[in-house]
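Only one structure is covered here, and it is reproduced in the block below.
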Amino acid sequence: MKIHHLRNATLVIETETDVILVDPMLGKRKTIPPFTIFRYKPKRNPLVALPKNSRDILSRVTICLITHLHPDHIDKAGEVFLRRKSIPVVCSIKDEKVLSKRGLNISQSLNYWEPQEFLGGKIIGIPAIHGYGFIAKLMGNVMGFHIELPNQKSVYISSDTIFTEHVQKVLIEFKPDIATVACGTARLDIGQPLLMRMNDILKFTALAPGRVFANHLEALNHCPTTRADLRSALSENNLLDKVDIPSDGTNVEY
């Protein structure tokens with residue numbers, strides 16, 4: 001199995017038989033307004049272009065998972081791509097209606113914790129809480145995914161979440177071989193962070209039984225944590241050897 005990191009939370013899981021796209025933000029630089037105006041510099045998003053090899057990787061996609069509806073996870077260009085190629089989409093039952101209205105081909109919708117068959121294996125929708133305190137309510141519903149495919153390592157896409165009992169349950173009971181974690185510590189102009197603070201990223205990494213794949217970094221104006229910050233914190237806590245922090249356009253073989 002290869003996991004290609006394209007940009008932010010957009011990744012592609014490639015096996016011999018399937019190529020799974022997750023959260024396609026595929027637009028050009030600066031196509032989304034700033035997510036914060038006062039707390040951080042009001043730059044338009046995404047801050048960086050898609051890597052040059054993304055077209056080749058995307059040309060092989062056979063199915064898509066969407067964790068939630070925020071534009072840094074599914075943007076207009078992502079929708080156009082999915083519509084044009086009529087790619088089957090798997091999402092939360094709570095997002096099915098909206099995504100269908102946008103003309104996407106919803107092949108499966110999931111309830112939290114209810115396993116469904118998926119590409120010859122199984123997929124489970126995992127609750128994700130998008131922020132500390134009241135801000136999580138404003139962020140709406142988010143779903144992570146735990147995926148087990150035949151003869152492949154298991155993958156937990158934790159998505160945009162803080163550290164919760166749900167996240168802990170997956171790491172301890174499901175024992176994923178690979179667990180993705182959004183590390184940008186995003187914040188809006190009001191409220192607490194929308195993603196795990198560093199101490200929770202460290203807790204997640206320490207609890208993860210296998211490899212950790214870090215993403216949601218250096219692509220959006222409301223995500224201050226850099227890859228260097230993350231490396232440094234992991235290193236200080238003797239956790240760096242468990243974590244892959246891919247650059248845009250690179251892949252990790254598992």
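The values are calculated or read from the model by the stated rules, or taken from the named source; none is laboratory data. Model, not experiment: these values are computed from the prediction. Every residue, glycine as well, gets a Cβ built from its backbone with ideal geometry; the counts of neighbours run over all protein chains shown. Areas reflect the complete protein model, heavy atoms only, side chains present, ligands, DNA and RNA absent. Shrake-Rupley method; radii C 1.70, N 1.55, O 1.52, S 1.80 Å.
What the table below lists for this structure:
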item	result
Any chance Gln116 is open to solvent by less than 50 Å² (accessible area, probe 1.4 Å), over 16 Å from Leu26 (Cα atoms) and over 16 Å from the mean Cα position of the chain (by Cα)	no
Contacts under 8 angstrom Cβ, first residue in region 15-28 being in contact (Cβ under 8 Å) with a residue 40 or more places away in the chain and closer than 23 Å to Lys122 by Cβ, partner surrounded by fewer than 21 Cβ atoms within 10 Å (Cβ to Cβ) and among the hydroxyl-bearing types (Ser, Thr, Tyr), 6 or more apart	Asp18/Thr62; Val19/Thr62; Ile20/Thr62
Enumeration of residues in region 120-135 that are of a type outside the set (A, V, I, L, M, F, W, C), surrounded by fewer than 21 Cβ atoms within 10 Å (Cβ to Cβ) and farther than 22 Å from Thr15 by Cα	Pro127, Tyr132, Gly133
Where Lys97 falls short, out of the listed (1) open to solvent by less than 20 Å² (accessible area, probe 1.4 Å); (2) farther than 23 Å from Ile3 by Cα	(1)
Single residue of Ile106, Ile126 found to be touching a Cys at 6+ places or on another chain (Cβ under 7 Å) and not in a loop (DSSP other than H, G, I, E, B)	Ile106
Qualifying residue in region 61-78 (condition: touching a residue at least 60 places away in the same chain (Cβ under 8 Å), farther than 30 Å from Thr225 by Cα and open to solvent by less than 50 Å² (accessible area, probe 1.4 Å))	no
Residues of region 19-52 satisfying the condition of being surrounded by 15 or more Cβ atoms within 10 Å (Cβ to Cβ) and among the β-branched types (Val, Ile, Thr)	Val19, Ile20, Val22, Thr31, Ile32, Thr36
From Ala219, Ala228, Ala233, residue being free of Cβ contacts under 8 Å to residues at least 40 places away in the same chain, more than 17 Å from Ser158 (Cα to Cα) and touching a Leu at 6+ places or on another chain (Cβ under 8 Å)	Ala233
Conditions (1) among the small types (Gly, Ala, Ser); (2) surrounded by fewer than 22 Cβ atoms within 10 Å (Cβ to Cβ); (3) part of a loop (DSSP other than H, G, I, E, B); number of the one not met by Ala233	(3)
Conditions (1) without any contact (Cβ under 8 Å) to a residue 40 or more places away in the chain; (2) touching a Lys or Arg at 6+ places or on another chain (Cβ under 7 Å); (3) open to solvent by less than 10 Å² (accessible area, probe 1.4 Å): number failed by Pro176	(2)
Qualifying position, being modelled with pLDDT under 95 and either of a type outside the set (S, T, N, Q) or surrounded by 18 or more Cβ atoms within 10 Å (Cβ to Cβ) (or both), among Gly184, Gly191, Gly210	Gly191
Qualifying residue in region 144-167 (condition: assigned to a strand (DSSP E or B), in contact with a Lys or Arg (Cβ under 7 Å, 6 or more places away or on another chain), within 19 Å of Asp23 (Cα to Cα) and open to solvent by 10 Å² or more (accessible area, probe 1.4 Å))	yes
